[in-house]
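The values are calculated or read from the model by the stated rules, or taken from the named source; none is laboratory data. Keep in mind the model is a prediction, meaning the values are calculated, not measured. Backbone-built Cβ (ideal geometry, glycine too); neighbour counts: all protein chains shown.
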């Protein structure tokens, strides 16, 4: 599994004209599930996302995680993160999980984060979404399970 996390001061997801998820301070999490991922990857990556220290402490150092900073998550499914881009000029999606597996892992990731007491907003799996954000920093990291 892969998560592209962006520290944001705000982020929102629209489907058509409806806002389906939005947050103020926190992390926008673009989540990609690969065919080889196991259920253990869900907890491993969710733990990493929740504990990754990307928010400033009182000294201005990135020493706080999203929970310590009082932030929220906006989790958006992003199958293109699973693309193989090693050769050619067109991505191959062979490494991506099937839609059924990806949907189940996406929901399990959300459930894990909510069980840790975090406010979690979401996109809509499989929908054509428009994501808007104000990247704070900018701060962006690609995490792997």
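Okay, here's what the table says:
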read-out: Tally, over the stretch 120-145, of residues that are in a loop (DSSP other than H, G, I, E, B) and closer than 19 Å to residue 42 by Cβ; value: 4
read-out: Any hit, the stretch 104-117, residues being at pLDDT 95 or above, outside any helix (DSSP H, G or I) and either touching a helix residue (DSSP H, G or I) at 6+ places or on another chain (Cβ under 9 Å) or closer than 21 Å to residue 9 by Cβ (or both); value: yes
read-out: Out of 22, 84, 41, 57, sole residue that is touching a residue at least 40 places away in the same chain (Cβ under 8 Å), in contact with a strand residue (DSSP E or B) (Cβ under 6 Å, 6 or more places away or on another chain) and farther than 17 Å from residue 140 by Cα; value: 22
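Rundown of residues vs (1) crowded, with 16+ Cβ neighbours inside 10 Å; (2) within 12 Å of the chain's Cα centre (by Cα), yes/no style:
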residue	(1), (2)
61	no, no
66	yes, no
81	yes, yes
99	no, no
111	no, no
120	yes, yes
126	no, no
136	yes, no
